[in-house]
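Asker: The following block contains the structure, expressed as structure tokens.
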Amino acid sequence: MSTTVNNKERRKKHQRDSVFINNDGTPLQVNQINEVVLSTLSKSGIDTTKFKSHSTRSAMASLLLSNNVPFHVVKKMGRWKSNDTVDTFYDKRIIGEKSGGFLNNVVQLS
């Protein structure tokens, strides 16, 4: 499976909203995106028995919040409707460096 990002020449008119596409211009399916993310995590030394592709969503929200990006901006970027959802499932700043959490395993701030 090969992916192309933002290759408008191969995209069909109704598929221009897709960010990740196959070589033939068709959008990648959810399971294909999961495969790519899990493979990348594994190649990066991340324990994929503990962290899955959806973990990247939590890690990014946590990274943004820990870098003082306003809560409402992170909420909008993640397309969450509820503040409680972000607070409960995606704001992992409280975990800290000693926990071995995904944010600390994947994202290294300079």
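Asker: Can you list the helices (runs of 4 or more DSSP H) found entirely within segment 1-109 that contain at least 2 residues being at pLDDT 85 or above?
Answerer: Hits in segment 1-109: 30-43, 55-66, 71-77.
Asker: For a quick check of your reading of the model, give me the residue pairs whose first member lies in segment 17-31 and is over 18 Å from S53 (Cβ atoms) and open to solvent by 40 Å² or more (accessible area, probe 1.4 Å), whose second is among the basic types (K, R) and assigned to a strand (DSSP E or B), with beta-carbon atoms closer than 9 Å and at least 6 apart or on different chains.
Answerer: Pairs that qualify, where the first residue is over 18 Å from S53 (Cβ atoms) and open to solvent by 40 Å² or more (accessible area, probe 1.4 Å) and the partner is among the basic types (K, R) and assigned to a strand (DSSP E or B): there are none.
Asker: Can you pull out the residues in segment 83-96 that are of a type in the set (A, V, I, L, M, F, W, C) and open to solvent by 40 Å² or more (accessible area, probe 1.4 Å)?
Answerer: Residues satisfying the conditions are F89, I94, I95.
Asker: Hey, can you tell me all the residues within segment 46-82 that are surrounded by 14 or more Cβ atoms within 10 Å (Cβ to Cβ) and on the phi > 0 side of the Ramachandran plot?
Answerer: Of everything in segment 46-82, nothing turns out to be surrounded by 14 or more Cβ atoms within 10 Å (Cβ to Cβ) and on the phi > 0 side of the Ramachandran plot.
The values are calculated or read from the model by the stated rules, or taken from the named source; none is laboratory data. These figures come from a predicted structure and were not determined experimentally. All Cβ positions, glycine included, derive from the backbone under ideal geometry; neighbour counts span all protein chains shown. In case anyone asks, the SASA skips ligands and DNA or RNA and just uses the protein heavy atoms, side chains included. Shrake-Rupley method; radii C 1.70, N 1.55, O 1.52, S 1.80 Å.
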